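Single-structure report; data block below.
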Amino acid sequence: MTERILIVDFGSQVTQLIARRVRECGVYSKIAPYTSAARLLKSGEWRGIILSGGPASVLESGTPRVPDAVFAADLPVLGICYGQQAMVAQLGGAVEPATHREFGRAFLDITGDCALFRDVWAVGGREQVWMSHGDTVTALPKGFRVVGTSTGAPFAAIADDARRFYGVQFHPEVVHTPHGAGLLKNFTHDIAGCAGNWTMAAFREHQVAAARAAIGGGRVICGVSGGVDSAVVAVLLHEAVGEQLTCILVDNGVLRAGEAETVVELFRGAYNIPLVHVRAGDRFLARLDGVSDPEQKRKIIGGTFIDVFEEEARKLGGAEFLAQGTLYPDVIESVSVAGGPSSTIKSHHNVGGLPDKMNLKLIEPLRELFKDEVRDLGRELGLPDEFVGRHPFPGPGLAIRVPGAITSEKLEILRKADVIYLEEIRAAGLYDAIWQAFAVLLPVRTVGVMGDSRSYEFVCALRAVTSTDGMTADVYPFSPEFLGRVASRIVNEVKGINRVVYDVTSKPPGTIEWE
């Protein structure tokens with residue numbers, strides 16, 4: 001991975017999308033807070049730099065600034081939104097409050113040609129873009145020229161061809177700028193000179209060799225949950241060190257129907273990977289008894305998981321390494337710009353990390369990948385499509401899909417409803433078109449008439465969203481016929497539910513997970 005683009009993060013809620021779009025061009029990208037970018041630049045491994053957007057204003061004192069090392073690095077630089085404004089202000093231009101603020105869809109008039117637009121936008125054209133700014137550039141630094149304007153931004157796109165510095169007020173990384181990916185590819189390939197040869201096959205080879213070198217003759221333990229991330233970690237490490245790896249499945253009592261059996265079959269049957277299956281459901285449910293607050297549920301599940309995992313690890317003895325399915329979004333959020341959106345999001349999947357007192361060295365082979373890239377790696381490793389393509393399942397499991405107090409009865413009702421819902425989705429050929437679908441057992445009961453008797457039973461909510469990268473999501477538009485068929489099956493086949501509703505809430509940009 002010698003071709004790298006450094007993305008300097010100023011706290012934008014869509015900074016991760018910049019990294020995703022760059023990687024889609026076949027170029028490895030890394031996000032770093034503006035506070036540590038100068039240090040990373042010293043490695044000399046970068047081909048170009050992208051400055052992200054951000055919620056601050058360059059007109060206020062104490063707000064983020066571009067490290068001087070960025071402009072002294074003799075590398076191409078692309079500033080996006082706040083990144084453009086900070087670049088302009090620091091290089092001698094001017095930024096002022098916009099007289100016409102732009103938030104959402106806008107149109108860019110292409111007034112000049114530049115390498116950023118080549119074969120994507122033509123001079124004289126008008127292109128849809130996505131804006132989000134209250135300030136605007138009003139004067140350019142020496143060496144820059146304007147190449148694009150909008151109603152609220154007279155310098156919406158600027159270029160300094162000699163220094164290879166470019167700035168755009170809009171967001172090319174979001175899908176609402178239809179040809180934005182083409183601009184980013186022009187920056188990475190034509191301007192920064194990247195060949196675009198970062199592939200998952202190369203990543204697999206590199207990580208297997210790195211893990212083998214790091215582990216040597218040591219033993220590794222890995223917690224698996226039924227999710228894609230832990231499965232990919234386990235299969236990758238098994239390829240690297242074979243029988244030196246032992247996996248631990250903690251059955252916490254809030255897994256999906258058949259989850260534990262699926263994991264056991266995959267690991268012991270298909271891959272012959274040593275697996276310890278710990279049936280600890282009663283222990284988890286006893287600690288969750290009477291607990292309604294969702295954050296408290298997460299803490300209890302996380303703490304209990306740590307207790308059980310530690311006990312099993314001690315039984316194995318002799319392990320030197322702990323493998324975890326840490327992903328790149330987790331890494332980014334752990335070093336996120338203080339006060340930025342990412343720093344307030346996580347608590348949802350990560351119900352508890354393993355404590356330092358375990359005295360194990362961490363192996364995290366996925367820490368450079370996004371979720372969809374992990375799926376690609378899983379396919380590269382030969383994991384079956386039905387497993388790699390599974391919908392995301394949060395660490396707290398069904399505990400957060402039963403709002404209110406949890407009981408074994410409620411969990412069983414929910415599992416049955418969830419199975420029917422997913423069966424119908426698969427039967428309709430829709431499973432792969434949906435990012436995540438699941439049922440929720442609401443903490444309310446309704447009165448209904450079923451046959452000749454009156455019922456007083458729970459309400460089941462169904463949720464399904466589409467997404468390409470998990471950063472934003474829209475409701476999947478099921479037909480009324482499909483929803484009617486699912487609702488009829490659930491009410492008729494699941495004792496304890498007499499009403500079904502469909503959740504039509506979308507997930508706004510920047511929120512990385514959802515219940």
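The values are calculated or read from the model by the stated rules, or taken from the named source; none is laboratory data. Since the model is a prediction, treat every value here as computed from it, not as a measurement. So basically every Cβ, Gly included, is an ideal-geometry build from the backbone, and we count neighbours across all protein chains shown. The protein model used for the area step is the full one, side chains on, heavy atoms only, and it has no ligands, DNA or RNA in it. Shrake-Rupley method; radii C 1.70, N 1.55, O 1.52, S 1.80 Å.
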Point to revise | Of all residues making up the range 181-204, the number that are out of contact with any Ser or Thr (no Cβ under 6 Å at 6 or more places or on another chain) and outside any helix (DSSP H, G or I) | key: 7
Review point. Conditions: (1) acidic (Asp, Glu); (2) surrounded by 14 or more Cβ atoms within 10 Å (Cβ to Cβ); (3) modelled with pLDDT of 90 or more; (4) more than 20 Å from VAL263 (Cα to Cα). GLU409 meets all but one. Number of the miss?
Key: (2)
Review point. Yes or no: LEU414 in a helix (DSSP H, G or I) and either at negative phi or not β-branched (Val, Ile, Thr) (or both)?
Key: yes
Check your understanding: List pairs: first in the range 9-26 and under 15 Å from PRO64 (Cα atoms), second in a helix (DSSP H, G or I) and β-branched (Val, Ile, Thr), Cβ under 7 Å, 6+ apart or cross-chain?
Key -> ASP9/THR15
Exercise for review: Output the number of residues of the range 178-193 satisfying the condition of being among the aliphatic types (A, V, I, L, M) and open to solvent by 20 Å² or more (accessible area, probe 1.4 Å).
Suggested key: 1
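Quick one: would you say GLN128 is part of a helix (DSSP H, G or I) and among the polar types (S, T, N, Q)?
So GLN128 does not fit the description; no.
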Review point. Looking at the range 438-468, which of its residues are open to solvent by 10 Å² or more (accessible area, probe 1.4 Å), part of a strand (DSSP E or B), touching a strand residue (DSSP E or B) at 6+ places or on another chain (Cβ under 8 Å) and not β-branched (Val, Ile, Thr)?
Key: LEU442, ARG445, GLY448, MET450, ARG454, SER455, TYR456, GLU457, PHE458, ALA461, ARG463
Revision key, fill the gap. Selection from the range 232-270 of residues buried (at least 20 other Cβ atoms within 10 Å of the Cβ) and among the basic types (Lys, Arg) yields ARG256
Practice item. Inspect the range 35-45 for any residue being of a type in the set (A, V, I, L, M, F, W, C), surrounded by fewer than 24 Cβ atoms within 10 Å (Cβ to Cβ) and at pLDDT 95 or above and give the result as yes or no. Key: no
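Are any residues in the range 133-146 of a type outside the set (A, V, I, L, M) and crowded, with 22+ Cβ neighbours inside 10 Å, and if so, which ones?
HIS133, THR136, PHE144
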